[in-house]
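S.K.: Sending over a structure as structure tokens; questions will come in a sec.
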Amino acid sequence: MATIKVKFRPSTVADHEGTVYYQIMHERKVKVLLSECQVFPSEWDEKRSLVVIDRHRNERRHIVKSVRECIRRDVDRLTRIIGRLDRAGIVYTPEDVIDEFERYADQYTLFNFMQNIIIRLRQNGKTRTAETYTATLNSFRKFLDTYDTGQLSRLPNNDLMLDALNSDVLEAYQAWHQNRGVAPNTISFYIRILRAVYNRAVEDEIIENHNPFRHVYTGVDKTVKRALPLAIIKKIKRLDLSNSPTLDYARDMFMLSFMLRGMSFIDMAFLRKIDLAEGYIIYRRRKTGQQLTIEWTRDMQHLLDKYPENITPYLLPIIRRPDADERSTYRNTAYNINHSLKKIAPMVGVTVPLTLYVARHSWASVAKAQGIPISVISEGMGHDSETTTRIYLASLDTSVVDRANSLILKALK
């Protein structure tokens, strides 16, 4: 097994910083790897091969701590590389160790690693998940543009090595969001994705798990309920919006989402005509892959009949052009609908932001108010775990859920 020694090479220029380097020895061969770490001779303890704080240069305390962290990460990388080579049972030299170290530095930056994950997600058809990873990556890039990671951690494009993602960086990232007024659940969402990326790197034995997420919040706070009572849903349904086709369309999509048991807008957008057969819609949720079956009612058909038949394979009038960028169309349409719903809200006395997602909350809330058993429709958006509700609904006898939906739609008339 190769060994690593941390050494110091003083500068040939008086009172200048020298360079920390690593001596890699294996089977009587020695190779030197220069680090990016530089300190003054007074900050190097030769006996212990350790960087120390010079009390006469106290203003460099922060830099010295950064150097220590840099050395720790370098030695950790080298140790892991040597361990992998030993476990592989192949013959290697100190040069091979250094080559692997340099390859690591090139491939395993946070940005590169996340980009590779995003590419694989898109290839596997997980477009929505890829989008959330991209949003997190863009957010973290903006943060690093403002965060001083220390002179030893800077990489091109302000990138960061995976093993440099420590508690200090994550706490600063959380604070950066808080100072910009970002909601706690949104911050937690970004941090949970970073944690998933970090855990994948640990699983791939790229880095060692130093548990950097222990001091940041990764939970989910209960949000203010966004459900509307049935009386308001009725008002929205009965609004005369014939003079404003844009608002009329937004209201119709909102009502369809409600009637379809709070179906998410992305699932509505990608419902295919072949998903409707013999009076039932059978589809898989794009978020979970779970199959759901919903009875197609006359009220749903009445709303659909207001619009020309879709010339695309999709059922609802959302993605209407065969040559359109479907993801962009879905996102833009959702944005426009939500913008219109905000104009509709004051018409029915609603003061909370009215969005498509309110329809999803409202169905669950109205179902509960109608006395439908929790076993049929758990509190849904009112429970801590929306995932549990989705799984439970998918496993119930469809006829039971359809009877629940029938009660809601009858109450709506």
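The values are calculated or read from the model by the stated rules, or taken from the named source; none is laboratory data. Quick caveat, the model's predicted, so the values are computed rather than measured. Glycine also receives a Cβ, built like all others from the backbone with ideal geometry; neighbour counts cover every protein chain displayed. What goes into the accessible areas is simple: the full protein's heavy atoms, side chains included, and nothing from ligands, DNA or RNA. Shrake-Rupley method; radii C 1.70, N 1.55, O 1.52, S 1.80 Å.
S.K.: I need the helices of the chain that pass two filters: whole DSSP H segments spanning 15 Å or more by Cα along the axis, and mean Kyte-Doolittle score no lower than -1.0.
M.R.: In the chain, the long hydrophobic H runs are 61-88, 110-123, 127-146, 167-179, 184-203, 245-259, 356-369, 398-412.
S.K.: Here's something else I'd like to know. Whole-Å semi-axes of region 190-247's equivalent ellipsoid, largest first, each the root of 5 times a Cα gyration tensor eigenvalue?
M.R.: Values: eigenvalues 466, 50, 12 Å².
Each semi-axis is √(5λ); the values are 48, 16, 8 Å.
S.K.: So what's the back-of-envelope 222 nm ellipticity for the chain, counting only DSSP H runs of four-plus at -39500 (n - 2.57) apiece and dividing by all residues, rounded to 500?
M.R.: Dividing the helical sum by the residues of the chain leaves -16000 deg cm²/dmol.
S.K.: Would you mind estimating how fast region 34-74 diffuses translationally, via Stokes-Einstein at 10 °C and 1.306 mPa s with the Kirkwood radius over Cα pairs, in µm²/s?
M.R.: Reported coefficient: 153 µm²/s.
S.K.: Which value in Å is the Kirkwood Rh of the chain over different Cα pairs?
M.R.: By the Kirkwood definition, the hydrodynamic radius is 25.7 Å.
S.K.: Same structure again: Indicate the gyration tensor shape class of region 84-217 (rounded, prolate or oblate), computed on the Cα atoms with a ≥ b ≥ c the square roots of the eigenvalues: a/c under 1.5 is rounded; otherwise a/b larger than b/c is prolate and the rest oblate.
M.R.: Numbers: a/c = 2.06, a/b = 1.55, b/c = 1.33.
Prolate shape, in that a/c is at least 1.5 and a/b is the bigger ratio.
S.K.: How do the peptides 250-261, 9-20 rank, highest first, by the average count of neighbouring beta carbon atoms within 10 Å per residue? Provide the component values of the computation, followed by the final result.
M.R.: Values: 250-261: 22.9, 9-20: 12.8.
By packing density, highest mean first, the sequence is 250-261, 9-20.
S.K.: Give me the aspartates and glutamates in straight-line cross-link reach of K126: C-alpha distance below 15 Å, same-chain residues under 8 apart excluded.
M.R.: D267, E326
S.K.: Under 8 Å for C-alpha pairs, at least 6 residues apart: give me the relative contact order for the chain, rounded to a whole percent.
M.R.: It comes to 10 percent, rounded to a whole number.
S.K.: Additional query: Distance from the Cα centre of region 53-118 to that of region 187-215, in angstrom?
M.R.: 18
S.K.: Next question. Ignoring everything but the protein chains, give the 1.4 Å probe accessible area of K368 in square angstrom, nearest 10.
M.R.: 100
S.K.: Continuing with the same structure: Using amide H atoms built 1.01 Å from N in the peptide plane, name the residues 5+ places from M161, or on other chains, whose amide H lies under 5 Å from its own.
M.R.: Under 5 Å from the amide H of M161 lie the amide H atoms of L110, each far enough along the sequence or on another chain.
S.K.: Something else now. Kindly flag which residue pairs out of K342/K410; K5/K31; K237/K368; K234/K273; K273/K342 have an alpha-carbon separation exceeding 22 Å in this structure.
M.R.: Working: K342/K410 26 Å; K5/K31 11 Å; K237/K368 20 Å; K234/K273 28 Å; K273/K342 30 Å.
The answer is K342/K410; K234/K273; K273/K342.
S.K.: Roughly how much of H215 is accessible, in Å² to the nearest 10, using a 1.4 Å probe?
M.R.: Taking all protein chains as shown, H215 has close to 110 Å².
S.K.: Please quote Rg/Rh for region 288-349 to two decimal places, taking the Kirkwood radius as Rh and restricting both calculations to Cα atoms.
M.R.: Details: Rg = 14.5 Å, Rh = 14.2 Å.
Taking Rh as the inverse mean 1/r over Cα pairs, Rg/Rh reads 1.03.
S.K.: Also, I was wondering about something else. Going highest first, how would you order 320-332, 91-103 by mean Cβ packing within 10 Å?
M.R.: Put in order of decreasing packing, that is 91-103, 320-332.
S.K.: Separate question: Using a 1.4 Å probe and counting only protein heavy atoms, arrange V182, V216, V352 so the residue with the most accessible area comes first.
M.R.: The ordering from most to least exposed comes out as V352, V182, V216.
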